Structure formats: structure tokens, C-alpha cells
Amino acid sequence: MSSRTRARGPKRAAGVHTVSIPRQRGRRGAQPFVIVVPETPSLTREALGFIGRALWKGRRALAPTALALLAFAVTGLLHVMAWWSSLVLAPFAVAPLAWLAVMQVRRPGRGTVVLWRAGLALLATLATSWAAFAAGFGPLAGPLELVWLLMWIAAQTTWLIVRRSH
């Protein structure tokens with residue numbers, strides 16, 4: 001291969017434009033000047049970067065959203081790969097109600113404490129029941145997608161209210 005057609009120097013990252021000014025003939029030990037001009041990001045990349053930074057800043061506030069999306073994806077995979085997993089998940093739907101009964105016996109509460117416990121137990125029972133049905137029939141079957149959406153809104157709203165008050 002001719003030395004005129006072969007690339008010289010180190011490889012550069014994609015998207016970086018370089019302009020090399022060849023070495024001057026009069027100076028023997030002088031290094032060439034290299035000007036590196038980075039590629040200007042596109043409007044789409046700027047918008048995605050803005051959205052990504054905003055989501056990263058609010059990552060703690062969006063924890064229920066991440067869990068809801070994870071549950072949706074996992075139940076979809078369980079439905080496709082092992083529909084019988086719904087039979088394994090179904091008994092866990094009773095666990096939050098058992099927790100509520102045990103808590104009321106061990107540490108009896110009154111007023112808002114009982115309401116919060118009952119609300120959390122109801123939401124957890126609904127979530128585990130939804131997971132069992134979604135693993136068996138698919139997360140988009142019948143009213144399951146609407147139930148998922150309503151649970152997600154309730155959990156996210158509750159999370160934001162509880163976080164602000166403490």
C-alpha cells in the first residue's frame with residue numbers, strides 16, 4: 001500500500017472532525033498542528049439529553065413509575081415464557097391482608113393509622129393480584145392495562161404526597 005493512501009496517526013472517535021495541517025518543511029523537529037472540532041449535537045440529541053437529565057434529577061420521586069414499568073415488563077415476560085407462574089404468584093395476593101391483620105393485633109392503631117394501613121394493604125393486594133393475572137393472561141388482556149394504569153397513578157400520587165409531608 002502506498003504511503004500516500006494509508007491513514008497515518010491515531011484513530012479518532014466517530015463524530016469528531018479533525019483538520020491536520022502538515023508539518024512545515026523548514027523545521028525538522030516541529031510537530032504538526034492538529035485542530036479538533038467536535039460535532040455539534042442534533043436537536044434530537046439535545047432534547048433526549050434534557051429529558052434524561054430531568055429524569056435523573058427526579059429519580060427518587062419517580063421510583064413508583066420505575067417499579068410499575070418493571071412489573072409490566074416482568075409480567076409480560078412471565079406470560080410469554082411461563083404462564084403457569086401465575087399459579088405461583090396467586091397465593092401472594094393474600095399476604096398484604098395477613099400483614100394488616102397481624103399489625104392490628106400486635107400494634108393496634110386508630111384513625112389515620114388504620115386508614116393508611118388499610119390503604120397500603122389494599123394497594124398491595126391489588127398489585128399482587130394484578131401481577132398474578134397479568135402473568136397468566138398477559139398484561140394487556142382485558143381490563144388489566146387499565147387496572148395497571150390506575151394503580152400506577154395511585155402509587156405515584158401517594159408516593160409524592162408522603163415524600164412531601166416528611
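Details
- Highest mean first, the peptides 64-76, 82-94 sorted by other C-beta atoms within 10 Å per residue fall in the order 64-76, 82-94.
- Förster-model FRET efficiency, 25 Å R0, R163 and R107, C-beta, rounded to 0.05: 0.60
- Cleavage-rule hits (trypsin sites (Lys or Arg not before Pro)) in region 59-166: DSSP loop, at most 14 neighbouring Cβ within 10 angstrom: R59, R60, R110
- Normalised per residue, the accessible area of region 59-166 is 69 Å², obtained with a 1.4 Å probe and no contribution from ligands, DNA or RNA.
- Alpha carbon centroid spacing (whole Å) that separates region 54-84 from region 127-156: 12
- Cα-projected label distance for T40 with V80, points at 7 Å along beta-carbon direction, nm: 4.1
The values are calculated or read from the model by the stated rules, or taken from the named source; none is laboratory data. Everything numeric in this text was worked out from a predicted model, so none of it was measured. Note that each Cβ is placed from the backbone with ideal geometry, even for glycine, and that neighbours are counted across all protein chains shown. Surface areas here come from the heavy atoms of the whole protein model, side chains and all, with no ligands, DNA or RNA. Shrake-Rupley method; radii C 1.70, N 1.55, O 1.52, S 1.80 Å.
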